[in-house]
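Here the structure comes first, spelled out in structure tokens, and everything after it is commentary.
What follows draws every value from the coordinates through simple rules; no lab data is involved. Note that the coordinates shown come from a computational prediction; the quantities given were computed from them, not determined experimentally. We place every Cβ from the backbone using ideal geometry, glycine too, and count neighbours over all the protein chains shown.
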Number of protein chains: 2
Amino acid sequence: MPDIAGLPLEQISASVARAILEEGVAALQYGDTTGRLKTKQVICGLVADFDIQIVPEDLIITTGAQQALELIGKTFIDRGDVVITEGPSYLGALQAFSAYEPDVHTIPSDENGMDTDLLAEELARLGPRGAKFIYTIPNFNNPSGVTMSLERRMHLLDLARKYDILVIEDDAYGRLRFEEETIPPMRSIDPNILYLGTVSKIFAPGLRTGWIIGPRPILEKIKLVKQGDDLCGSTLNQVIVERYFTEIDWRSTLDATIGRYHERRDALLSALEEYFPAEATWTRPQGGLFVWINLPEHIKTKQLLPFALEKGVTFVPGDGCYPAGTGLGLSSMRVCFSFEEPGKLREAIRRLAAAIDEYLEASKA
Amino acid sequence: MPDIAGLPLEQISASVARAILEEGVAALQYGDTTGRLKTKQVICGLVADFDIQIVPEDLIITTGAQQALELIGKTFIDRGDVVITEGPSYLGALQAFSAYEPDVHTIPSDENGMDTDLLAEELARLGPRGAKFIYTIPNFNNPSGVTMSLERRMHLLDLARKYDILVIEDDAYGRLRFEEETIPPMRSIDPNILYLGTVSKIFAPGLRTGWIIGPRPILEKIKLVKQGDDLCGSTLNQVIVERYFTEIDWRSTLDATIGRYHERRDALLSALEEYFPAEATWTRPQGGLFVWINLPEHIKTKQLLPFALEKGVTFVPGDGCYPAGTGLGLSSMRVCFSFEEPGKLREAIRRLAAAIDEYLEASKA
């Protein structure tokens, strides 16, 4: 979970109360399937920070970015269609797509994100339009924490153009950078891709407000699908989002949160250095919420989990971040540094290391 | 759209403002996929009015009843599966199910709802478990406005038991009765069915809060599907629902709304008597929002629609309320009496009758 303890609750409370009186019952009524015009305008302003220049007709507001993934699955995937993701990839995306039974091909990623040389080989094998889409989280990937280099982004776009394959850029974490320079989103370079965003990591997950930016003919299809999914999103939540990003000093609040994430990442990484086995490796994210840890092959993180839970610590076993049955990620785990104080993170890693010892001990027995 | 002009906005505004301060950031954070415990408790209280005795574990909160329909489609329907609905049925349900490519069989309905004798014949043809489920809106059906008699409800439950087929009772409109006595929902008689409800027609559609009540093993499956759809519903909206149904005199507000609907239905029916062609027939709903009109066969309501729009009046052409390609409902239409004042409804029907004349004139030419 993102840490939202810094939200200015009194201001938000007053802003919401005023909004209900000013908007009247319209704030509580059904709304347009694609979202409120004013909310769309606010989102256009937000993405302009990353040089994505759009008008409200270029986006659809979704019930969180998770619904965007479900809509994309329902719109594009027929059973057996090839879909390409980096590995590891977001558990919730794999889950959303899997309902439509795609054949998911995984391209390994390293410290610079998806390996686009391997992608090039895969696309050469599949041929033009050989996949329905390429799904990637280029900034502070969930679960790996890594960021795709600009060079790789350009390479991916070239390949997508060459093979006529849609790119889906999930930028849920893009604003959470605490180190080095922002790398332009692919959508700022190529308007033919789908770009996903959300307020969950920059304001409030509980408002379930995300968006899809994309070419209008594609948005038309997604709109029809969305009608069947939920008729429309929550009108009131959209009103609250509008007000938050126009009435409240959200940038300072977010900066403070990012500062806390930075500090927590540092605490986590130094605890890993101190407590974890020498054979373990892990990523060093420049932002976001997650670190990905690779343990020696003989440690299976799914079997390790009960030992960790016993000590009051949890993590996401790595195999869930790959398509089912691939046998990948079995010795990896995702840990999250966003929600707890440095001291607690340090203690968690100490306990996790102890859980690994106990697991190894038990495996010997 | 339901008429929500009577909502006590000042009370709601104050209640929401207080809720944000009292609940703290938890109101804005991710929540449980199946919904907040307290919201579930409130819903248990609401359905107890209809003698549905449940505990929170017996329900899942959904992003409006529309998401409930999508979740049911995704959970139960494989391509080609038989699904049974009454005819006409809710457009949005047909749309939600159609994504999963079922074979929808339509059982005609009359002034007492789905004709269960015809259902019995159909089920005898299909055999045990010959359909995935029977979907019905027994109270003030959308679009027909008709209500299923108690005798038919009992017959339907008997048949479902005999052929081992799941029943889905969509009770979105059940509280909107302005005439005669409440008929018990099937869920109050048989706990093995799925029962859908929503706050959209008794509070606010813009909060997208509905629910599925059903056997726990089925809810477990639906919960997994919901994770992929949206992770969780809006936490804040659930908090608002809790507060509305515990802090505010919602029953008086709803009674006043139902009184307006009654008056509007009367105005609509008397205008139909006065202006519509003698060959037309229509339903006489005891509650809800809709009247279903059957015109002579040579009038195709889809072709009639542009003539009506020209006069500033709209309706839902009947064929959309049947599965695509069946050729049913071509001369029918759904009209809605909930949203406009009696005078406006009267004028709308006058114009609609004039549009029919113009359409007939143009057809001759």
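The share of alpha-carbon pairs in the protein assembly as shown lying farther apart than 33 Å comes to 54%. Ordering A:236, A:318, A:275 by the projection of their Cα atoms onto the charge dipole of the stretch A:211-365, which places +1 on the Cβ of Lys and Arg and -1 on the Cβ of Asp and Glu, puts A:236 at the extreme positive end. Which residue, B:144, B:270, B:98, tops the fluctuation ranking in a GNM of chain B built on C-alpha contacts under 10 Å? Residue with maximal mean-square fluctuation among B:144, B:270, B:98: B:270.
For the stretch A:80-134, GluC sites (Glu not before Pro) are listed when DSSP marks them as loop and at most 14 other Cβ atoms sit within 10 Å of their Cβ; the list is A:111. Cβ-Cβ distance of residue A:278 and residue A:311, R₀ of 30 Å, FRET efficiency by 1/(1 + (r/R0)^6): the value works out to about 0.90. Axis between A and B by rotation; chain A residue with nearest Cβ and distance in whole Å recorded as A:17, 2. Dividing the Cα radius of gyration of the stretch A:5-132 by its Kirkwood radius returns 1.09 for Rg/Rh.
Per the Kirkwood formula applied to alpha carbons, the stretch B:264-365 shows a radius of gyration over Rh ratio, Rg over Rh, of 0.94.
Inter-copy label distances for residue A:22: 2.6 nm (label point placed 7 Å from Cα along Cα→Cβ; shortest first). Shortest first, residue B:284 label-point distances to identical copies amount to 8.1 nm, with the label point at 7 Å from Cα along Cα→Cβ. Label point of residue A:188 (7 Å along Cα→beta-carbon): distances to the other copies' equivalent points are 6.0 nm, sorted ascending. What is the antiparallel percent of DSSP beta bridges lying wholly in the stretch B:67-137, to the nearest 5? Around 20 percent antiparallel, to the nearest 5.
Listed by chain and number, the lysines whose alpha-carbon sits under 25 Å from that of residue A:302, ignoring those within fewer than 8 places in the same chain, are A:311, A:344, A:364, B:221, B:223, B:226.
Convex hull volume of the Cα atoms of chain A, normalised per residue: 138 Å³.
Computed extension length for residue B:300-residue B:344: 13.4 nm, one decimal, from 0.36 nm per residue of separation with the Cα-Cα distance subtracted.
Straight-line cross-link reach from residue A:162 at under 21 Å between alpha-carbon atoms covers these lysines, not counting any fewer than eight positions away in the same chain: A:132. The orientation-averaged shadow of the Cα convex hull for the stretch A:234-284, equal to a quarter of the hull surface, comes to 5.5 nm².
Spatial offset of the stretch B:1-73 relative to the stretch B:260-318 amounts to 34 Å, using the alpha carbon center of each. Every helix of 4 or more DSSP H residues in chain B counts as -39500 (n - 2.57), and over all residues that averages to -14500 deg cm²/dmol at 222 nm. Tell me which lysines have Cα within less than 20 Å of residue B:201's Cα, excluding those fewer than 8 residues away on the same chain? Here the lysines satisfying the reach criterion relative to residue B:201 are B:40.
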